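Below you'll find the structure, written out as structure tokens, and then a few comments.
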Amino acid sequence: MDIRFDYPIFLKLLFLLPIIWGLSFLAFRRLPLWRVLLSSFLRCLVLALLILVLAGIHRVDKKLSDIALVFSVDVTDSLNQENKAWVTDYLREMDEKLDKDVKRALVVFGSDAQVVSPMGKGLDVDDVEWELDTTRTNIANGMLSSLKLFPEDSVKRMVLLTDGNENLGSSLVASSIIEREGVQVYPVELPTPPAVKEVLIKKLLVPQDVNHGETFDIRVTVENRNDYPVEGSVSLFEGENLLNKWETTFPGGLSVFEMPYKGEEKGFVEFRADLEVEADADTNSYNNRERTAVNVIGKPRILYVRGDPSKRPFLVDAIERKDVIVDTVEADAIPKSLNELLEYESLVFSNVPASAMSRDQMNAIKSYVGDFGGGFIMVGGVDSYAQGGYSDTPIEDILPVKVTSGSTFKDKKPKRASIMLLVDKSGSMTGKKIFATKKATIGLLKQLKKGDQIGLIAFDVIPYIIMEMGPVEKVSGKEVLSKLTSLSAGGGTDLFPAMKEAYNRLSRSGAKVNHVILLSDGNTRSIYYSYEALMEKFKRANISISTIAIGGWLVNTRLLKDISRRTGGQFYRMRDVDELPRLVVMDADAALTRADFHEEYFIPRIDPSSEILKGFSQEQIPPLKGYSLTKAKARAEIPLMTEIQGRPDPILANWRYGLGKVVAYTSDAEARWSSKWVNWAKYNKFWSQTVRWSMRDKPKGNYALKVDDSGGERTLIIESGGEWKDDTQLQVRMISADLEEQELNLRQVAPKRYVAALEGLEPGPYTIDFSRIEGGKVVGRMTKGVLVPPEKASTSAEDATQGNNTRLLEAIAQRTKGKFNPEFEDIMANTEMILLNEDLSKFLIPIAMGLLLCDIAIRRIGLI
């Protein structure tokens, strides 16, 4: 026995005792000496006892510690009936051998753990019952569940009865925890099960990602668990195409088969390995087939869509480079599905009309840009933007410009177009010509939109107002036909009065486009010089005149051609009267198209801060001849613009739409408006930088994928590379081949490591769509392919033929300072002494209180 102090510094207070003796003699000198001595002694004794209490006096005794045993028993399906019976006999024998004073408990485990016999002086081995999932082995759960059962002042020992074939948790991690708690583990090896006949494909390995054109090895590993060689074959397939077949004899253990493969095509490539062996050498057939896949990452691909195949594709020549593949298609070959679009990093539409696409195709492009981060470039032309019919379409939604006629942006919104039809009713306009004129007029009425204006003047030597200039929606077709029918051909011809009437009406129409269609043989009475001044007026007022020569050899083509040339119109020679309706409609269509674009030489103004125009200066920009009229949207950047019409019109506009990037170029990429540009030394650089800017953003990190089905349930394991911020989140969708989407419920198991159950998914290839979210916003997106294997036959994850994992059991014993396969004496060996501490203050304080009362009695009551 030892006496020890927790706070020995307080023992220095004992030096106060002599002082107390001296003070007592001074205070009580009137009392008898014996009373002074007795009182001083009692006070000093009380003070000494209190000082000992303050110093934490306690008694320490040493003795051998008691042993507490916990039996942690594996009850999973990996133990056959013989092993389970052996474990029961082992527990019964140990229970009988143990001294009655040794405390013991019993824990059973499968995928979870359960205490079936609490710490006590015996085990109820025969009456043990439990409710556990026995299809998985979680040794760590069985070990950690035992910790709470050990008494504090005991030698803590665990007897672990298992085959060591864990498929959940980590027993080595649990061992480290248990060792820190002072628990020694004694693993006991189970009897080895009999050999089972089995040959299986253990692994089919390929890289997860390879570059286009890269050669890699496909590796098939076959394991023969028999104790004799087995004849058979291994077949390797790419999709349904046989790549190789090895006919061989499999020795015991592992056999590896390899072949090189070159990734020729970008995309997701599937591989399958099939094993065939003698039936009497293989018990299970479900493990004779394995599937895997590789992502072949190709060069970036751009889709270029040509609206007019007859024109030279200057833009294709500009953007084609060694590191980019450009696929050129015509408008009727635009991809119809989102999966086809996802093959491309950016789409370039050059002068493509909206009529070339269905609404579903436009919505697919909108999703491709906004949801999947693809790029889109709209290049103008006479069949693009408003004139191409893109107003109020899904394509307009994603563009950085508003697609509509430029005239609608003025404060005072004018009419779009005013067209005057001048019809010669002289003697040359007889028979079928009047009928053809009627058809042409009806065709013209059908072309015009609400708000457009139309007028009709017939003439011989004087003009006849058949239909006054007015909105087309107020014109009655029947009334126009009736008036035309009432016309009688006759008289001479004089163009001047009719043209003057047309000028007077069109010059004050307020329309964006003012146009005259003149039907005549041109044989006029007026002196030719009278037309010089009038044509100059038409030109200054921007009123164009197209002339259609009607008649035979007497047509004055010189005059009609001169009128059209000077006013910016077109001249047509009618070969047959049946051509007249078509010529009128064709000319009107050309005139109406001009309402949606502007043609005039100008030099665009540059924004030098633009990322697209990096390396360009204002002095380098050549002139353009025309552009489609649009208006920039609120958040759009405008690298190129013009104010030639008194307002800022965008020539080049760009912005981000959702996850993608969109560029609107309102001029064309052909010789009509860009003749100076296609010969410009920096034309290729301009389009190369524009296309490069629009391409899909490179993801900030890559993702390693693995589908784990070893436990019977298919699980997707995702590991992300790159730097992650504290608030970075990951959202993942799986997209099947028929575009059905399913968002995965991710569970984070470690930094940048996630798992998700693949429940209810059909086997086959899937596109995985990764969205990286920071600050509540999607900052990166990428897609990868993954192969979901078929569900394996309904078999337990526990294989009763595996044998014992001796290496793991030995590591557990070593880590916890226990012993593998111990004897009874090893388990019960006890050299560990424990210290028993007893606090003596519980005795000293009452004694001090009693002595204090005695002192008071001596001094006050006088008992002594």
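The values are calculated or read from the model by the stated rules, or taken from the named source; none is laboratory data. Predicted model, so just to flag it, every value in this text is computed and none were measured. Heads up, the Cβs are rebuilt from the backbone with ideal geometry, glycines too, and the neighbour counts pull from every protein chain shown. The protein model used for the area step is the full one, side chains on, heavy atoms only, and it has no ligands, DNA or RNA in it. Shrake-Rupley method; radii C 1.70, N 1.55, O 1.52, S 1.80 Å.
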List the residue pairs whose Cβ atoms are under 7 Å apart, where the first residue sits in the range 36-55 and is free of Cβ contacts under 8 Å to residues at least 40 places away in the same chain, the second is open to solvent by less than 20 Å² (accessible area, probe 1.4 Å) and among the polar types (S, T, N, Q), and the two are 6 or more positions apart or on different chains. Val36/Ser24; Ser40/Ser24
Among residues belonging to the range 707-724 that are open to solvent by 20 Å² or more (accessible area, probe 1.4 Å) and under 17 Å from the mean Cα position of the chain (by Cα), point out the one that is modelled with the highest pLDDT. Ile717
Qualifying residue in the range 87-101 (condition: in a strand (DSSP E or B) and closer than 18 Å to Leu809 by Cα): no
The range 227-251, residues that are in contact with a Pro (Cβ under 7 Å, 6 or more places away or on another chain), in a strand (DSSP E or B) and in contact (Cβ under 8 Å) with a residue 24 or more places away in the chain: Phe250
Which of the residues spanning the range 302-353 are within 22 Å of Gly267 (Cα to Cα), small (Gly, Ala, Ser) and either surrounded by 17 or more Cβ atoms within 10 Å (Cβ to Cβ) or in contact (Cβ under 8 Å) with a residue 60 or more places away in the chain (or both)? Ser337, Ser346
Extreme residue, nearest to Tyr703 (Cα to Cα), among residues of the range 217-238 that are open to solvent by 10 Å² or more (accessible area, probe 1.4 Å) and either of a type in the set (A, V, I, L, M, F, W, C) or within 29 Å of the chain's Cα centre (by Cα) (or both): Glu238
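Matching residues to (1) buried (at least 18 other Cβ atoms within 10 Å of the Cβ); (2) hydroxyl-bearing (Ser, Thr, Tyr):
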position: Lys121; (1), (2): no, no
position: Thr137; (1), (2): yes, yes
position: Met143; (1), (2): yes, no
position: Asp163; (1), (2): yes, no
position: Leu172; (1), (2): no, no
position: Pro187; (1), (2): yes, no
Going by the structure shown, is Met420 modelled with pLDDT under 75 and either open to solvent by less than 10 Å² (accessible area, probe 1.4 Å) or in contact with a Cys (Cβ under 8 Å, 6 or more places away or on another chain) (or both)? no
Restricting attention to the range 99-119, and to residues there that are touching a Phe, Trp or Tyr at 6+ places or on another chain (Cβ under 7 Å) and open to solvent by 10 Å² or more (accessible area, probe 1.4 Å), which single residue is nearest to Glu713 (Cα to Cα)? Gln114
If a residue has to be under 28 Å from the mean Cα position of the chain (by Cα) and either at pLDDT below 90 or over 22 Å from Val348 (Cα atoms) (or both) to count, how many in the range 612-659 make the cut? 3
Can you tell me which residue among Gly267, Gly298, Gly370 is open to solvent by less than 70 Å² (accessible area, probe 1.4 Å), within 28 Å of Arg733 (Cα to Cα) and touching a His at 6+ places or on another chain (Cβ under 6 Å)? Gly298
Would you check if Asn284 is among the polar types (S, T, N, Q), over 23 Å from Trp677 (Cα atoms) and buried (at least 17 other Cβ atoms within 10 Å of the Cβ)? no
Just need a number here: residues in the range 360-381 that are on the phi > 0 side of the Ramachandran plot and touching a helix residue (DSSP H, G or I) at 6+ places or on another chain (Cβ under 8 Å). 1
Need the failing condition index for Ala85 against (1) open to solvent by 10 Å² or more (accessible area, probe 1.4 Å); (2) in contact with a helix residue (DSSP H, G or I) (Cβ under 9 Å, 6 or more places away or on another chain); (3) small (Gly, Ala, Ser), just the number. (2)
In the range 449-464, what residues are within 60 Å of the chain's Cα centre (by Cα) and open to solvent by 10 Å² or more (accessible area, probe 1.4 Å)? Lys449, Lys450, Gly451, Gln453
Could you tell me which numbered condition Gly764 fails, if it satisfies all but one of (1) modelled with pLDDT of 75 or more; (2) open to solvent by 40 Å² or more (accessible area, probe 1.4 Å); (3) over 18 Å from the mean Cα position of the chain (by Cα)? (2)
Which members of the range 676-706 meet the condition of being modelled with pLDDT under 90 and among the small types (Gly, Ala, Ser)? Ala681, Ser688, Gly701, Ala704
List every residue pair whose Cβ atoms lie under 9 Å apart, where the two residues are 6 or more positions apart in sequence or sit on different chains, the first residue falls within the range 139-158 and is more than 16 Å from Ala174 (Cα to Cα) and polar (S, T, N, Q), and the second residue, located anywhere, is outside any helix (DSSP H, G or I) and at pLDDT below 90. Ser154/Ser65; Ser154/Asp66; Ser154/Ile67; Ser154/Ala68; Ser154/Lys103; Ser154/Ile834
Candidate set from the range 653-668 (those that are surrounded by 24 or more Cβ atoms within 10 Å (Cβ to Cβ) and hydrophobic (A, V, I, L, M, F, W, C)); member that is farthest from Val382 (Cα to Cα): Val662
Single unsatisfied condition, Gly803 versus (1) part of a loop (DSSP other than H, G, I, E, B); (2) surrounded by fewer than 16 Cβ atoms within 10 Å (Cβ to Cβ); (3) modelled with pLDDT under 75: (2)
Select, from Leu106, Leu147, the only residue that is touching a Pro at 6+ places or on another chain (Cβ under 9 Å) and more than 17 Å from Leu809 (Cβ to Cβ). Leu106
Cβ-Cβ below 9 Å, separation at least six or inter-chain, first residue in the range 813-824 and assigned to a loop (DSSP other than H, G, I, E, B), second small (Gly, Ala, Ser): which pairs? Thr816/Ser175; Thr816/Ser176; Lys819/Ala813; Phe820/Ala813; Asn821/Ala813; Pro822/Ala813
Just to be sure I understand the filter: pairs with C-beta atoms under 7 Å, separated by 6 or more residues or on different chains, first member in the range 845-864 and more than 16 Å from Phe41 (Cα to Cα), second member at pLDDT below 80. Which pairs pass? Leu863/Ala857
Looking only at the range 322-374, which residues are under 30 Å from Lys777 (Cβ atoms), part of a strand (DSSP E or B) and polar (S, T, N, Q)? Ser346
